[in-house]
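Only the coordinates and a few stated rules stand behind these numbers; no lab work does. Here the structure is a predicted model, which means the values were calculated and not measured. In this analysis, Cβ positions are derived from the backbone assuming ideal geometry, glycine residues included, and neighbour counts consider all displayed protein chains.
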Amino acid sequence: MERVVQFTGPRQVEVTEQVRAELPLGHLRVRTLYSGISAGTELTAYRGTNPYLTRTWDPEARLFREGAAGIEYPVAGWGYSEVGEVVEVSPELAGTAGMPVPGDLVWGIWGHRSEGIVPAERMVGHTLPAGLEPLGGAFARVGAIAYNAVLAGDIHLGEDVAVFGQGVIGLLTTRLAQLSGARVTAVDALDSRLETARRYGAQHTLNARTDQVAERIREATAGAGADLAIEISGAYPALHDALRSVAVGGRVVASGFYQGDGIGLRLGDEFHHNRVQLICSQIGGVPPQLSNRWSVDRLQQTFLRLIADGSVDVTSLVSHVIPVADAADAYVLLDERPAEALQVVLEF
């Protein structure tokens, strides 16, 4: 039997058992070791705010259509940060160059389930780098989201960069921006996360609840404002503060998953008068100017190499490793007590 985590309704989680499926042609079977929970995108499905629950995405028109839901409860196997061991390979794939073999540790996306049946072409190049602990493989996707935002920001050596939101992806963004040569100011509403941000390379930290963020950033840059702000929290007031914090003609990368109407975002103010460039970063693709050389797979592979060579620490971001049987408790923790958690990982 296979164990699968599913949402049966808003804030309702259960772990079900399903019959183990036969392996189809062209696929691998992977036994899951760890599966990371996304505290952003994934919680939108848990809370019932995800747009797919009320509208349908039309991939050809690139529009959401009203009137029908794209997904419905129960929502099964929602996760996107898995690592596991290959246990079976479809026989006709034997000897294929770059194909993982039984016993290999691999990373990828197959959801919160004890076994994943994954198309083989998606797993080429997904073997864990030598020396990387299995838990590190669960950071491939979240690391790529941070990496994508940094590349979209086009950071130049010595620039001032503000990173809004210091959850897991925000902290990784702070570290990658610092590695790219930026002087980083980290912004968050939780002092504990700001302390971690300093360890991840932030030169300055600001509390969004108690500091006048835009004013402080301008003071620290001789009145000019930051060259770039990266908003990673998905909160509209934070995006508004990011727009207020950058220089005339400065750049803001919006990488959060914003929900509902833009309460707290005023585009007629600093955004309009300072001619701010607003750039969207979303992990469905890389920045257009880099698409001839970069891909989402390259983002993930490069990020894992940075972990393996010690440039980025992810182990200290894991606040909880929770047995999959207690998955419901993991979501309650992230939803109701976010100050107590960073990366929560399900162990199978």
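Once R0 is set to 22 Å, what does the formula 1/(1 + (r/R0)^6) return for the Cβ-Cβ distance between R20 and A94, expressed as a FRET efficiency to the nearest 0.05? Don't skip to the answer; put the middle values down first.
Working: r = 22 Å, r/R0 = 0.99.
Efficiency at R0 = 22 Å is approximately 0.50.
For A61 and Y258, the difference between the fully extended length at 0.36 nm per residue and the C-alpha to C-alpha distance is 68.8 nm.
Dipole size of the stretch 228-312 about its Cα centre, with +1 on Lys/Arg Cβ and -1 on Asp/Glu Cβ: approximately 260 debye, rounded to the nearest 20. Spread over its residues, the convex hull of the C-alpha atoms of the stretch 58-136 is 153 Å³ per residue. Identify, among M1, Q300, V248, the residue whose Cα sits farthest towards the positive end of the charge dipole of the chain, taking +1 on the Cβ of Lys and Arg and -1 on the Cβ of Asp and Glu, with the dipole about the Cα centre. Going by the charge dipole, the pick is V248.
By the helix-only formula, in which each DSSP H run with n ≥ 4 contributes -39500 (n - 2.57) and the sum is divided by residues, the chain has a 222 nm mean residue ellipticity of -7500 deg cm²/dmol.
Please get the size of the charge dipole for the stretch 172-262, origin at its Cα centre, with Cβ charges of +1 on Lys and Arg and -1 on Asp and Glu, quoted in debye to the nearest 20. Walk me through the numbers on the way to the answer.
Values: 10 positive and 10 negative charges, 57 e Å.
That gives the stretch 172-262 a dipole magnitude of about 280 debye.
Of all beta bridges that DSSP places with both ends in the chain, some 55 percent have antiparallel geometry.
Determine the sum of side-chain charges near A238: Lys and Arg each +1, Asp and Glu each -1, restricted to other residues whose C-beta is under 10 angstrom from that of A238. Kindly include the intermediate steps, with their values, before the conclusion.
Details: positive: none; negative: D188, E231, D241.
So the surrounding residues net to -3.
Averaging 1/r over every pair of different alpha carbons in the chain and inverting the result gives a Kirkwood radius of 21.0 Å.
Here is the size of the stretch 239-310 from its Cα atoms: Rg then Dmax, 15.8, 45 Å.
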